[in-house]
Amino acid sequence: MSSAVVSTSAAQGRPFVFDTEDVGEVCPQPSGAELFAEARPPQRVVSANFPRIFKDARLAGVTPASRLAVCPAPEMVSSGIAEMDALTGGLPRGCLTEICGPASSGRTTLLLAALAAATRRGEFCAVVDASDALDPQSVAAAGVELDRLLWVRCGEESHHAEHRLEQLLRVADLLLESGGFGLIALDLADLPTQTARRIPLTTWFRFRRAVEHTPTVLLAVERQSIAGSCSSLLIKLGLRKLSASENRVSELQEDSQIAPTHAQLLTGLEITAELVRSRLERKPVRSAEITFTSKTAWAG
Amino acid sequence: MFACIFVPNFPVAAVFRAEPELRARAVAIFEGKPPLEKVFAVNQGAARMGITPGMTKAQAELCSGLTLRPRSLLQESAAHAALLDCAQSFSPCVEDAAVDTALVDLEGMESLLGTLPEIARGIFRVAADLGLDVNVAVASNPDASVLAARGLSGVTVVSPGKEGESLGSLPVEVLFAERWENKESAGKRKEDEQKESARLLATLERWGIHNLRALAALPEVALSERLGQEGLRLQQLARGAASRTLVPVEAPAVFEEAIELEYPIVLLEPLAFLLNRLLEQICARLASRALNTQELRLTLELQNLTGADPQLDIFGIPSESDEGQSRRSSLAVGHSQSLPAFGAFANDRRPTTNDASQHFVSGRQNKFCRTLRLPLPMLDSKLFLKLLQLDLNAHPPGAPITKIHLAAEPARPRSAQGGLFLPPSPEPEKLELTLARIAALVGEARVGSLELLDTHRAEGFRMRQFVAAAPEASRQKSSTEERSAVAALRLFRPPLRINVTLENGEPIALVCSKKKEVQGSVLWKAGPWRGSGDWWEREAWARDEWDIALQTVDTVVLYRLVHDLLGGAWFVEGTYD
């Protein structure tokens with residue numbers, strides 16, 4: 001039974017549909033619109049329990065459950081990392097996903113993995129790089145198909161962060177308007193937090209509306225969450241430990257060198273990911289945390 | 001059956017095609033070198049005012065309300081090309097009879113295009129779409145169709161066997177058509193032809209022969225004795241009995257349009273208006289031949305700056321306040337975006353972007369050229385206009401414009417097999433416009449796709465044009481396997497210069513003056529990893545790389561340090577993220 005009808009009845013103090021009071025037989029079962037639009041008495045045909053709400057004109061404006069629009073769950077696509085897919089179900093199409101965390105928390109790793117997965121699916125992707133920080137070697141090592149990736153490098157050396165931010169927002173508007181991209185990533189990771197926070201919520205809301213009902217995954221990579229309720233998914237990353245040669249350096253402190261520096265080799269990072277918020281499920285989200293490992297390109 | 005498409009008063013029609021707003025005015029075309037310019041052709045409005053060909057320009061200028069235009073061979077060439085395009089859109093067998101006349105062989109076309117009157121009306125409509133006001137005549141032989149098109153306005157269909165009857169009322173002057181050729185190239189040949197034609201016409205006038213019916217009725221023997229073979233030929237034409245085969249030509253695939261301006265223009269808005277007109281004409285001609293284009297070349301002739309009026313500024317614009325200049329989107333005021341400066345490890349420019357402005361002085365002319373190369377063949381005049389506007393905004397010509405020339409390189413239309421299950425991809429036309437707008441925001445060299453270069457040098461890549469090509473099915477199937485996550489590096493561009501505290505040659509602490517958060521003590525380090533290259537080049541490089549974990553205020557950050565062995569400086573190149 002629709003929760004809308006039940007809750008309305010409960011709020012109004014009227015009996016529920018499941019009340020045992022016999023109000024006669026009805027056949028054929030009238031449509032919801034007929035039931036609530038016209039307060040006419042039921043016709044006796046088949047035994048059924050229907051309450052006296054048929055005659056109540058106060059329910060004329062209530063939309064019956066059968067007429068309520070069903071919002072389909074967005075399609076989820078792989079993020080490129082199996083552990084992340086297990087945590088979040090993937091990245092939702094037509095929604096805004098935020099990836100936040102401090103430096104060296106694995107944000108760019110996750111971003112490149114998502115790009116690689118998208119280009120492997122044959123989709124075209126775009127990265128709007130506010131700080132011009134993308135490393136082509138890392139992009140290639142992550143398995144991204146370079147001819148399917150559009151890279152927009154905002155600002156130049158002398159431009160202030162505000163100018164870069166303005167360019168990023170305008171470019172994002174153009175790309176969302178153009179359409180056809182499987183994934184659009186806004187890389188705000190190196191922008192100062194106070195600068196990134198200047199983006200008004202109306203802008204995020206506009207981005208979300210632009211990408212709604214499209215197959216585009218909109219990804220925002222930043223230091224802290226700044227899109228508020230406009231994002232459907234909020235993932236927080238953190239560095240747990242780094243892997244060096246065969247030694248796991250779990251507690252980084254002074255004098256933690258075990259072997260000479262020339263014998264050490266950074267082989268990977270252990271990243272923790274926490275699903276802070278998900279608006280894709282009806283049940284409230286319990287904070288879930290997973291750990292995944294990223295390897296450096298030379299680690300093999 | 002043959003169709004003739006004839007453009008009456010061709011030089012005037014060529015001007016009307018470029019400037020349709022002149023159709024309602026009295027127009028005279030002049031040619032020649034000043035001060036000996038003479039009127040070459042006039043329209044009906046100018047003829048009513050008493051302007052006749054041969055009159056000097058100075059005499060014509062005395063008439064108020066008369067619009068004078070110089071003869072433009074480029075406009076006439078474009079009009080002639082449009083005429084051939086119109087003809088070729090109906091039949092592959094087309095004869096280029098004269099600059100104002102095209103003959104079309106309609107053999108077998110009725111089953112495709114309809115009845116002969118429908119075909120004739122279709123030709124008339126297509127020619128009108130291309131900006132030409134033509135006469136169309138259909139007859140059983142080419143010469144009869146030419147005479148009917150020259151003598152009868154509008155659309156005419158001559159029934160087989162009734163050529164003599166249909167052409168009989170036409171004046172004999174129609175047999176001696178004026179040839180609109182350049183006097184300099186025609187030379188003495190045209191003078192001899194004109195003299196002979198005048199002699200024959202005078203003879204026929206003396207005999208009282210005023211129309212083709214009278215000429216056709218003359219006895220053949222007597223005519224040949226007095227006028228020779230030429231007289232017999234003219235009689236056959238008058239009877240509509242001449243027969244010959246068509247000499248088909250392959251119309252050159254040259255799609256160019258040009259317009260010479262009465263006065264120089266300095267603003268982008270009127271230039272956009274003219275460009276729109278030229279683009280529509282070019283696109284209509286391409287569409288008539290089922291072609292698209294992948295390259296547009298815009299050439300602007302600029303006003304000679306050496307003879308600039310002292311009242312004008314250096315770009316030939318009337319001096320006005322800075323406020324007024326900044327408000328207008330002037331071409332000549334410096335609104336151009338400077339090309340990005342490239343550093344020592346510069347990325348190469350995309351190979352297929354618009355060419356840089358080419359300013360060269362040819363005699364007294366300055367020319368400004370821009371080339372627009374499209375990733376795929378397209379045919380959308382509005383898109384082309386938008387792209388040209390964005391390009392000219394970014395690269396203004398810098399001087400008033402006196403002439404506009406636009407050429408399109410023809411290409412076969414693209415064909416793509418659609419599919420229900422293909423992944424989403426951007427529309428090529430929309431994407432091209434979006435990329436142009438983004439390039440106007442961030443710079444041409446800062447948007448595109450990546451291409452790695454075969455080098456170990458840092459920043460060994462270049463940007464190239466982003467093309468949303470159709471996905472290949474085979475590539476999709478082979479790349480479904482997932483890989484493990486690869487630790488990525490975020491670069492600082494340019495690298496951050498730091499002061500490093502060394503111990504036994506190893507960094508133990510660092511401070512960056514430019515970025516306060518990049519400082520602290522080194523908790524862990526790996527390296528150095530030495531790299532060098534290009535020692536045989538002028539730009540040799542040699543460096544040591546260190547991977548370090550730095551304790552910052554609230555977290556641990558992994559950095560890559562670079563020690564430039566040639567310069568001695570230390571840099572933070574990027575962050576492992």
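Read-outs: derived from the displayed coordinates by stated rules, not from any lab. Computed from a predicted structure; not experimentally measured. With ideal geometry, Cβ positions are generated from the backbone for all residues, glycine too; neighbour counts draw on all protein chains shown.
Structural remarks
- Counting DSSP beta bridges with both ends in the stretch A:77-235, the antiparallel % (nearest 5): 5
- Per-residue Cβ neighbour rank within 10 angstrom, fewest leading, A:M84, A:M76, B:M378: A:M76, B:M378, A:M84
- You can think of it this way: the chain between B:W207 and B:D534 has 108.4 nm of extra reach, that is 0.36 nm per residue less the Cα-Cα gap.
- Rounded FRET efficiency, nearest 0.05, which uses the C-beta distance separating B:T555 from A:F205 and R0 of 35 Å: 0.65
- Taking 0.36 nm per residue of separation and subtracting the Cα-Cα distance, full extension of the segment from B:A24 to B:N393 would add 129.4 nm.
- Square roots of five times the Cα gyration tensor eigenvalues for the stretch B:49-126, Å: 38, 14, 10
- Unit charges on C-beta of K, R, D, E only; dipole of the stretch B:489-576, Debye: 300
- Vicinal HN-Hα couplings computed from phi for the stretch A:135-143 (Karplus, 6.51 cos²θ - 1.76 cosθ + 1.60; Hz; Gly/Pro x): 9, x, 5, 5, 4, 5, 5, 6, x
- Approximate spin-label separation B:T52-B:E173, in nm, with each point projected 7 Å along Cα-to-Cβ: 1.1
- Using a cutoff of 8 angstrom between alpha carbon atoms and counting only pairs six or more residues apart, the relative contact order for the stretch B:489-576 works out to 29 percent.
- Cβ-based exposure ranking for A:I290, B:I548, in which fewest neighbours within 10 Å come first: A:I290, B:I548
- The stretch A:62-108 - percent relative contact order, Cα under 8 Å, separation 6 or more: 27
- Computed log₁₀ I(q)/I(0) - Debye formula, equal Cα scatterers, no solvent, the stretch A:77-235, q 0.12, 0.13, 0.18 Å⁻¹: -0.45, -0.53, -1.10
- Efficiency of FRET between B:R199 and B:L267 - r from beta-carbon atoms, R0 60 angstrom, step 0.05: 0.65
- Stokes-Einstein translational diffusion, the stretch B:489-576 - Kirkwood Rh over all Cα pairs, 1.002 mPa s, 20 °C, in µm²/s: 162
- Candidates per chymotrypsin sites (Phe, Trp or Tyr not before Pro) in the stretch B:500-565, loop by DSSP, up to 12 other Cβ within 10 Å: B:W535, B:W536
- Label-zone membership for the stretch B:97-138, site B:S159, 7 angstrom Cα→C-beta point, backbone N under 20 Å: B:110, B:115-121, B:137-138
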